[in-house]
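This report concerns only the one structure given below.
The values are calculated or read from the model by the stated rules, or taken from the named source; none is laboratory data. All values derive from a computational prediction rather than experimental measurement. Glycine gets a Cβ as well: all are built from the backbone with ideal geometry, and neighbour counts include every protein chain shown.
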Amino acid sequence: MSDDTPILAPSYDPSAFESRLYAEWEDGGVFKPRGEGTPYVVLLPPPNVTGTLHMGHAFQHTLQDAL
């Protein structure tokens, strides 16, 4: 039985990976509108809760929902 598990680098270097990925997105036209459908705007970003949840998260996201 062979082991096909890839060897991971000892540490993560975001610049090495993300710059290549971003270039692929730009070359693929990911950031350009397709020109199909009705135009729309996202006024509020999607929730982005980091770390342990606390009342501040609930307050911020409730405010956005109320608006």
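Quick notes
- Scanning the stretch 6-36 for residues that are assigned to a loop (DSSP other than H, G, I, E, B), under 20 Å from the mean Cα position of the chain (by Cα) and of a type in the set (Ser, Thr, Tyr) turns up just one, Tyr12.
- Hey, Pro39 exposed (fewer than 10 other Cβ atoms within 10 Å of the Cβ) and either under 20 Å from the mean Cα position of the chain (by Cα) or modelled with pLDDT of 90 or more (or both) or not: no
- Asp3 being assigned to a loop (DSSP other than H, G, I, E, B) and modelled with pLDDT under 80: yes
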